[in-house]
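FYI, it's all coordinate maths here, none of it is from the lab. What you are looking at is a predicted structure, and each value in this text was computed from that prediction instead of being measured. We place every Cβ from the backbone using ideal geometry, glycine too, and count neighbours over all the protein chains shown.
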């Protein structure tokens with residue numbers, strides 16, 4: 001897998017690898033997110049461990065990692081007569097929008113740093129804005145840049 005942004009841009013990385021790299025996840029943590037995404041109701045950590053065929057402590061670690069990354073949120077579920085913690089995955093479209101916003105902010109910060117070093121003025125840099133900006137102006141995104149229906153596909 002590519003280690004730097006430049007390597008990612010110039011290589012054939014999968015959406016799954018970009019997702020893992022962006023959030024600092026390993027393959028099994030991404031699989032835990034997908035398990036929650038596929039669920040029709042909130043899952044307990046026990047249910048996640050069962051579906052992923054891993055230990056309970058490992059499932060807790062996955063959930064902690066995903067929760068600290070903002071990819072899952074905790075909710076309550078009733079187990080017979082008790083209320084316990086359940087988890088749901090954040091919508092992939094929301095995750096993709098957050099990723100895009102982060103990249104846009106970082107691009108602007110890089111542009112400012114280049115300008116401070118005496119680089120090319122922003123109007124001459126050739127940056128045509130984000131996909132959303134171009135779409136709002138009625139422009140088509142360059143080939144290979146369009147996302148399908150604004151969501152992030154992370155299936156394996």
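Using Cα centres only, tell me the gap between segment 72-107 and segment 15-48 in whole Å.
10 Å
Kindly provide the pair-distance distribution of segment 1-68 built from C-alpha pairs, with 5 Å bins from 0 and whole-percent values in order of increasing distance.
Reading upward from the zero bin: 3, 17, 26, 18, 14, 10, 7, 4, 0.
Using label points projected 7 Å from each Cα along Cα→Cβ, tell me how many nm separate residue 116 and residue 38, to one decimal.
About 4.6 nm separates the two model spin labels.
With a cut-off of 8 Å between alpha carbons and a minimum separation of six or more residues, what is the relative contact order of segment 5-89 in percent?
28 percent
Could you give the length gained on full extension between residue 21 and residue 94, defined as 0.36 nm per residue of separation minus the Cα-Cα distance, in nm?
So the chain would gain 24.5 nm between residue 21 and residue 94.
Counting other beta carbons within 10 Å of each residue's own, what order do 31, 99, 117 fall into, fewest first?
117, 99, 31
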